[in-house]
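The values are calculated or read from the model by the stated rules, or taken from the named source; none is laboratory data. What you see is a predicted model; the values in this text were computed from it and never measured. FYI the Cβ positions are ideal-geometry reconstructions off the backbone, even for glycines, and counts take in every protein chain you see.
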Amino acid sequence: MSKNGQLPNYINGRWQRSMASEYMAVINPATGEALGHVPLGGEPDVAAAVDAAQAAFPEWRRTPPEDRIQFLFKLKQILEERFDEIARLITIENGKTLTEARAELRRGVENIEVACGIPVLMQGYNLEDVARGIDEIMIRQPLGVVAAITPFNFPVMVPLWFMPYAIACGNTFISKPSERVPVTMQRLFELLHEIGLPPGVANLVHGAKPSVDALLDQPSVRAISFVGSTPVARYIYARASENGKRVQAQGGAKNHVVVLPDADMEMTAQIVNDSAFGCAGQRCLAVSTAITVGEAQRAFRDAIVDLAGSIRVNYGLEEGAQMGPVITRESQARIETLIAKGANEGATVVLDGRGARIPKYEAGNFIKPTILDDIPAGGEISKTEIFGPVLSITHARTVDEAIGILSSSPYGNAASIFTNSGAAARKFRYEAPAGNIGINIGVAAPMAYFPFSGWKESFFGVVHGQGRDGVEFYTEKKVVIERWPKEWSRKF
Ligand code: NAD
């Protein structure tokens, strides 16, 4: 960061001042303090990064996979050494608690570990004698320059869903982090510099829509990975596809859990509480609506209201903090307006976290856990992604009715069921239209060696992020059929 707090881009192995004329303050959401100023650049910055990535590609793709992954081993090592320092940065710019920030970083590092398996994961397959004396092989080759555009809610984990696989497969990479949380990525790139990653292999470009549009329009960018809200995901998918790029675009969510009367109610309430209010509800896998079936209604509601009401809300760096602020003032206002809308639509606000004031942190964007009971079917609150610490509850008479409610959601990121019945769980797994399913699990987050799925308006594309899907996305298949003119080859 420069003396005046302006964040530079990292292009071709060097820190470079952005060509932007406009900067935006990066604000600590708990204290209201400015942490620095992020450039709102555009095409010139992106063009410089693309040039660097393109120039680095021929040498990087020729670097043996075994040698490429040595940089990932080093990155993992240095992240382990600086683990707490990075986690603190996440808390400072994003607001989540230090425990949550550590968990985020751990999930990110797991993706680096999986990508270290590229010499095996990237292998193709072959068959001798597809005809007499003729052999056929499939090899995977990197695409070239690829880019990832990422959201505010996981400043380091989401970029690490993509970068390790992209560069391990031999691509060169451009990261465009969220302009609201650019500082952690800044630090990650300092570490990439420290471990000696060759110039141009990974580049960092800050900015907002103009930078994104420049990436979408640059002919040399071969693939775009996106994570963010649904309207932007849809836009990214359309524009990048139109420009002939490979695209994976993960969008927003509205996740449901179904609670059956035979569930272990104490455990269920605890897990759903963690799922709804962890990271202040700003997780794409957070539960947004709990659907209680039959007699589960009262027991579940009473238990969760008790638990949610006792969550300690504070600055994430404070000892004992269990939930931090939401990302911005605007976000806080939007969430509070949606709570009011829910009440106007007829829901009962059984726990009201609006107007929260946290001692020492009056300038923070705090909302305490909020629970809306009996939300009306089809109302705005039942459809809108709130992305804050708000849990809605609705009731159904049967499992079929509950599955019907969640199936009507336009989103399909995650859905969970809490039950002791194998048959009910199996029916749910079979029928629920969501990409990540939890059975007695509140946040059904796939491990790094499984795809991070998502259906309907939560995902645009075919191949997902993480694990083998990551390798599939970042490689192109080439099929070679060969014959040699010798007596043991096929004769004509
Ligand atoms: P966002 O869509 O506002 O921003 C995401 C990225 O897109 C940022 O880098 C931003 O600079 C860029 N961007 C924003 N508006 C743009 C526009 N009009 N044109 C081009 N680029 C634009 O999302 P956010 O608020 O940072 O993140 C929260 C959203 O992300 C939620 O909807 C959440 O559900 C979603 N999310 C989804 C997943 C998933 O796996 N499906 C994971 C994390 C977050």
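Of the residues screened, Gly342 is not one that is of a type outside the set (D, E, K, R) and not in a helix (DSSP H, G or I). Scanning segment 365-385 for residues that are surrounded by fewer than 24 Cβ atoms within 10 Å (Cβ to Cβ), touching a residue at least 60 places away in the same chain (Cβ under 8 Å) and part of a loop (DSSP other than H, G, I, E, B) yields a count of 3. Annotation note: of Pro177, Pro155, the sole residue that is in contact (Cβ under 8 Å) with a residue 12 or more places away in the chain, within 7 Å of the ligand (Cβ to nearest atom) and touching a Leu at 6+ places or on another chain (Cβ under 9 Å) is Pro177. Taking the criterion of being within 16 Å of the ligand (Cβ to nearest atom) and closer than 13 Å to Pro389 by Cα, the residues of segment 286-332 that qualify are Ala286, Val287, Ser288, Thr289, Gly324, Pro325, Val326, Ile327, Ser331, Gln332. Looking only at residues of segment 216-245 that are among the basic types (Lys, Arg) and within 12 Å of the ligand (Cβ to nearest atom), we find that the one that is surrounded by the most Cβ atoms within 10 Å (Cβ to Cβ) is Arg239.
Could you name every one of the strands (runs of 3 or more DSSP E) located completely within segment 85-154 that has at least 3 residues being over 22 Å from the mean Cα position of the chain (by Cα)?
On the way: elements: 125-131, 134-142, 145-149.
Answer list for segment 85-154: 125-131, 134-142.
If we scan segment 246-253, do we find a residue that is away from the ligand (no atom under 12 Å from the Cβ) and either touching a residue at least 40 places away in the same chain (Cβ under 8 Å) or of a type outside the set (Lys, Arg) (or both)? Within segment 246-253 (the criterion being away from the ligand (no atom under 12 Å from the Cβ) and either touching a residue at least 40 places away in the same chain (Cβ under 8 Å) or of a type outside the set (Lys, Arg) (or both)), the answer is yes, since at least one residue qualifies.
Working carefully through the options Glu385, Glu380, find the one that is at pLDDT below 95 and in contact with a helix residue (DSSP H, G or I) (Cβ under 9 Å, 6 or more places away or on another chain).
Checking each option against the conditions leaves just Glu380.
What is the residue count in segment 296-339 for residues that are touching a strand residue (DSSP E or B) at 6+ places or on another chain (Cβ under 6 Å) and farther than 30 Å from Thr419 by Cβ? Residues in segment 296-339 being touching a strand residue (DSSP E or B) at 6+ places or on another chain (Cβ under 6 Å) and farther than 30 Å from Thr419 by Cβ: 1 in total.
Can Arg397 be described as of a type outside the set (A, V, I, L, M, F, W, C), free of Cβ contacts under 8 Å to residues at least 60 places away in the same chain and touching a strand residue (DSSP E or B) at 6+ places or on another chain (Cβ under 8 Å)? Quick ask: steps written out before the conclusion?
Values: of a type outside the set (A, V, I, L, M, F, W, C): yes; free of Cβ contacts under 8 Å to residues at least 60 places away in the same chain: no; touching a strand residue (DSSP E or B) at 6+ places or on another chain (Cβ under 8 Å): yes.
When the stated conditions are applied, Arg397 does not pass them.
Taken together, Ile335, Ile271, Ile371 contain a single residue that is within 16 Å of the ligand (Cβ to nearest atom) and at negative phi, which is Ile335.
Taking every residue in segment 198-223 that is more than 15 Å from Val146 (Cβ to Cβ) and at pLDDT 95 or above and pairing it with any residue that is within 14 Å of the ligand (Cβ to nearest atom) and assigned to a strand (DSSP E or B), at least 6 positions away or on another chain, the pairs with Cβ-Cβ distances below 7 Å are His206/Val38; His206/Pro39; Gly207/Pro39; Gly207/Lys176; Ser211/Lys176.
Entry remark, segment 158-174: residues being within 16 Å of the ligand (Cβ to nearest atom), farther than 14 Å from Ala53 by Cα and either among the charged types (D, E, K, R) or not in a loop (DSSP other than H, G, I, E, B) (or both) number 4 in total.
Can you find, within segment 75-105, the residue that is surrounded by the most Cβ atoms within 10 Å (Cβ to Cβ) among those that are closer than 17 Å to Phe189 by Cα and of a type in the set (Lys, Arg)? In this case the residue turns out to be Lys76. Please specify each residue of segment 63-74 satisfying the condition of being of a type in the set (Phe, Trp, Tyr) and surrounded by 16 or more Cβ atoms within 10 Å (Cβ to Cβ). The answer is Phe71, and nothing else.
Every residue, every condition in (1) of a type in the set (Val, Ile, Thr); (2) assigned to a loop (DSSP other than H, G, I, E, B); (3) more than 23 Å from the chain's Cα centre (by Cα), yes or no:
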{"residue": "Asn273", "(1), (2), (3)": "no, no, no"}
{"residue": "Phe277", "(1), (2), (3)": "no, no, no"}
{"residue": "Arg283", "(1), (2), (3)": "no, yes, no"}
{"residue": "Ile291", "(1), (2), (3)": "yes, no, yes"}
{"residue": "Leu307", "(1), (2), (3)": "no, no, yes"}
{"residue": "Gly320", "(1), (2), (3)": "no, yes, yes"}
